[in-house]
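All remarks here apply to the structure that follows.
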Amino acid sequence: MKKKWLIGNWKMHGNLASNKALIESLRAELPQPDERATMVVCPAFPYLFQLAELTKDYGVGIGVQNVSDHLQGAYTGETSPLMVKELGGSYAIIGHSERRQYQGENDGLMGRKALAAIDAGLIPVICVGETAEERDSGRTHEVLGRQLDAAFGYIRTAHDKIILAYEPRWAIGTGIAATPEIVQTEHEFLRQRIAIRDKEFAAKLPIIYGGSVKVSNANAIFSMPDVDGGLIGSAALNAREFVTIYRAMLATMPAAVA
Ligand code: PEP
């Protein structure tokens, strides 16, 4: 059986006190995550070390929401994936649509960032997804294919060193999630596209969904055969909701890991 993933993107929220309270609430709701499904939280950069300390004896992974595409050098304001690793991070979200939208990030940069993250020993969570306009004009697969080829064109790594996230832009932060059928269709498309290069890698690669996942739709989305977990934004800021979504995901899985 494949493991699943639940990754919380805290975006630019939080402070020392609220981060501590959120982790305390998470622990109260869920004393330890289940071995079948990895839980990860991604705070804003300045709190990385705080989160690593707070979760030392708690089986939750820590990630960041962005990294530089360089490991070191004269890149003012950037954060190296090596620094993330040293401060206790294990994951890096790459190419999130909010970075594409507000910071002008493009497909090529996403590929280079993913590669730098892998070089530093982080697991990149590579985000792809179409806008509403691209979907409405029937270009979803063209866009997803282009984004995927840009990222995976650079990367040669093992299936357990990388995560792909399908995040349709129109579903992020809007409260309107993709239907389970749309999620399955697009995950299947992504897996098949990767299988053209490497069938075994494609079959094992975790492909997770993000975009307005909440308690009410989690079970239906996570029940889809090509969905290996979720990337959660706003619902990750509420411990009870995040843990309820996590449990909804566990409920779609067999009792034990093979
Ligand atoms: C996200 O930011 O990656 C995300 C999926 O946000 P939300 O769950 O709030 O739509």
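The values are calculated or read from the model by the stated rules, or taken from the named source; none is laboratory data. Source: prediction; values computed, not measured. Note that we place each Cβ from the backbone using ideal geometry, even for glycine, and neighbour counts take in every protein chain shown.
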Taking the residues in region 81-93 that are touching a residue at least 40 places away in the same chain (Cβ under 8 Å) and in a strand (DSSP E or B) as candidates, determine which candidate is surrounded by the most Cβ atoms within 10 Å (Cβ to Cβ). 93
Unmet criterion (only one of (1) more than 16 Å from the ligand (Cβ to nearest atom); (2) polar (S, T, N, Q); (3) at pLDDT below 95) for residue 101: (1)
What is the number of the single condition among (1) within 15 Å of the ligand (Cβ to nearest atom); (2) in a loop (DSSP other than H, G, I, E, B); (3) closer than 22 Å to residue 35 by Cβ; (4) not hydrophobic (A, V, I, L, M, F, W, C) that residue 230 does not meet? (2)
Being in contact with a His (Cβ under 8 Å, 6 or more places away or on another chain) and charged (D, E, K, R) narrows it down to one residue among 78, 86; which is it? 78
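Could you list all residues from region 1-34 that are of a type in the set (Lys, Arg) and within 19 Å of the chain's Cα centre (by Cα)?
First, the residues of region 1-34 that are of a type in the set (Lys, Arg): 2-4, 11, 20, 27.
Across region 1-34, the qualifying residues are 2, 3, 4, 11.
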For residue 190, are the conditions met, namely being within 24 Å of residue 124 (Cα to Cα), within 14 Å of the ligand (Cβ to nearest atom) and either among the small types (Gly, Ala, Ser) or surrounded by 18 or more Cβ atoms within 10 Å (Cβ to Cβ) (or both)? no
Filter region 105-147 down to residues that are assigned to a helix (DSSP H, G or I), closer than 21 Å to residue 211 by Cα and either among the β-branched types (Val, Ile, Thr) or over 15 Å from the mean Cα position of the chain (by Cα) (or both), then give me how many there are. 14
